[in-house]
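K.L.:
Have a look at this one before I ask anything.
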Amino acid sequence: MEDRLKEIADRHSEVEWLMSQPEIASDPNAIRRLGREYSQLQHVVELWNDIMRAQSDMEGAREMLTAEDDAEVLEMAKVEVEELQERLDSLTAEIRLELLPKDETELADAVVEVRAGAGGDEAGLFAAEVFRMYQRYAEARKWKLKILSQNDTGVGGIKEVTFEIAGERAYQRLHLESGVHRVQRVPTTESQGRIHTSTATVVVMPKAEEVDIEISDKDLKIDVYHSSGAGGQSVNKLATAIRITHLPTGLVVQCQNERSQLQNKQQAMEILRSRLWDMELRKQQEEISANRKAQVGTGDRSEKIRTYNFPQSRITDHRIGYTSHQMQQVLGGELDGFIDALLQEEQARKLAAAGS
């Protein structure tokens, strides 16, 4: 472990030096990437320093146990040794987790897609609520959210929305939100008071930078068309909306939120690049299918990772059995309970795999 920590300390110094170079300081993307790496390395360096201090304090307390005769002092030394041992165990577990191999997405921002699934208009309304939940969560964490593409239902719901979330460990914290989210409630249009079930699908992808995925122009088919609003009516006399088809994979991305072709093309390329990187990463991971649909299934009611039961004000994550009865707070963006529990379970599996 000490050899690995020395490598990290060396890289920490190197990144610190790189960030001071004029050519790096003038490149916002480079500064952002290096700044995040520096923050991550700094955390490990600080953990190691804490361990070294605790070990030094432990040696002093143990020397006191052997050198002192006073019963009261000995009792204090014993308590200190116990407390220091607990702290060392905690710090050691934390640094072992930090030393696990990191994947390429560790510091990535997130690109999130929320789509209405099964359930008609009610599914669209629920998709809009799920989107607002992530908006509020991003606000609470001081992350920046930018809508890349949005298609409304015209009755207050969302057919689909794609947005980018930029912030510290955004993808790392959000990636386990991918899957089918199921809602059980009485729709406002239901006169008999019957509970309906509908779904929204969520896909969370790491945002790909230019250096991550190279896309050849010859692999792209780009169509320009008039943007439209809810119900299909034209909202722009100029053809500014962009549809990009990636010919080798068949992926299609559309963007019409911006006022110019160039802006819409840039955003569509961001989405396409993230989708391609997401596909490539999934090919590399044995436990996850290379088929992107495996992340969310078909959107059918029977497939779900989480259920939002409004009559009982209960939200349950079926992967880990975690339940909250704080429906309005969770929909208001208080997602840390679910996210922390999911990440802890994922980290436990990684530690178990590393020890086996």
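K.L.:
Taking amide H atoms as placed 1.01 Å from N in the peptide plane, list the residues 5 or more away in sequence, or in a different chain, whose amide H sits under 5 Å from that of residue 160.
P.N.:
Placed amide hydrogens put 116, 151 under 5 Å from residue 160.
K.L.:
Another question, then. Quick one: putting +1 on the C-beta of Lys and Arg, -1 on the C-beta of Asp and Glu, what dipole do you get for the chain around its Cα centre, in Debye to the nearest 20?
P.N.:
2860 debye
K.L.:
Take the residue pairs 146/218; 218/350; 142/265 and return only those whose Cα atoms are more than 31 Å apart.
P.N.:
Working: 146/218 29 Å; 218/350 40 Å; 142/265 27 Å.
Going by Cα-Cα distance, 218/350 fall outside the 31 Å limit.
K.L.:
Can you compute the FRET efficiency between residue 150 and residue 92 using 1/(1 + (r/R0)^6), with r the Cβ-Cβ distance and R0 = 51 Å? Round to the nearest 0.05.
P.N.:
Taking R0 as 51 Å, the efficiency between residue 150 and residue 92 is 0.65.
K.L.:
If the viscosity is 0.890 mPa s and the temperature 25 °C, what Stokes-Einstein diffusion coefficient in µm²/s follows for segment 2-98 when Rh is the Kirkwood radius over Cα pairs?
P.N.:
For these conditions, the coefficient is 155 µm²/s.
K.L.:
Rounded to two decimals, what ratio of Rg to Rh does the chain give with C-alpha atoms and a Kirkwood Rh?
P.N.:
A ratio of 1.07.
K.L.:
Using +1 at the C-beta of Lys and Arg and -1 at the C-beta of Asp and Glu, which of 224, 335, 202 has the Cα lying farthest in the positive direction of the dipole of the chain?
P.N.:
224
K.L.:
A follow-up question, please. Roughly what would the spin-label model give for residue 69 and residue 320, points 7 Å off Cα along C-beta, in nm?
P.N.:
Using points 7 Å along Cα→Cβ, the separation is 5.5 nm.
K.L.:
Let me ask something additional. Find how many whole Å separate the alpha carbon centroid of segment 305-322 from the alpha carbon centroid of segment 160-195.
P.N.:
A separation of 12 Å, based on Cα centres.
K.L.:
FRET efficiency for residue 29 and residue 76, Cβ-Cβ distance as r, R0 = 51 Å, nearest 0.05?
P.N.:
0.40
K.L.:
State the answer as a single residue: which of 65, 281, 13 lies farthest towards the positive end of the charge dipole of the chain, with beta carbon charges of +1 for Lys and Arg and -1 for Asp and Glu, about the Cα centre.
P.N.:
With unit charges placed on the Cβ atoms, the residue in question is 281.
K.L.:
Mind ordering 67-77, 155-165, 242-252 by average Cβ neighbours within 10 Å, highest first?
P.N.:
Details: 67-77: 11.5, 155-165: 19.8, 242-252: 15.2.
Put in order of decreasing packing, that is 155-165, 242-252, 67-77.
K.L.:
Next question. Using packing as a proxy for protection, rank 51-59, 305-313 so that the peptide with the highest average count of other Cβ atoms within 10 Å comes first.
P.N.:
Sorting 51-59, 305-313 by mean packing, highest first, produces 305-313, 51-59.
Bear in mind these aren't lab numbers, they're just calculated from the coordinates by the rules spelled out. Note that the structure is predicted; figures quoted are calculated from it, not measured. When we count neighbours, we look across all protein chains shown, and the Cβ atoms used for this are built from the backbone with ideal geometry, even at glycine.
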